[in-house]
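Some notes on the structure that comes next.
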Amino acid sequence: MRRPLSAALLALAACAGAPPAPPPASPSPAAPAVRTVPTARGRLVVDDGGRGGLPVLFVHGELDQYLPDFDDLYAAANEPKEAWRLAGVGHTQATEVEPLELQRRVIAFFTRNLA
């Protein structure tokens, strides 16, 4: 199910440090899907918060020390999903290294998946 583009942009703004927006009203919320995914470092708990099927764009620097289980997290995510890997980049550095490409990819991804 596609979501309104405005809801996705509000979620993106919240990730960028803006005050969190209230979640959109839903006539019949789904039960949260909580899964445990085995990884090389133990286990990873994935909780969709009852919003299954939300599009997820992963931006991952291959030198990320905080999220070494990226492949497991990506595999556990529901569709629609997409990953952009940046070689030679650490955690959250995409905004510094490729700000215009990041903007282009985010807009394109959410336009495709939420329009």
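What the table below lists for this structure:
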quantity	calculated
Rounded to whole Å, sorted largest first: equivalent-ellipsoid semi-axes of region 49-103, Cα gyration tensor	21, 14, 8
Neighbourhood net charge (13 Å Cβ-Cβ; Lys/Arg +1, Asp/Glu -1) for G88	-3
Computed lengthening from R105 to D64, 0.36 nm per intervening residue step minus Cα-Cα distance	12.8 nm
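Only the coordinates and a few stated rules stand behind these numbers; no lab work does. Computed from a prediction, not measured in an experiment: that's the story for all the values here. Backbone-built Cβ (ideal geometry, glycine too); neighbour counts: all protein chains shown.
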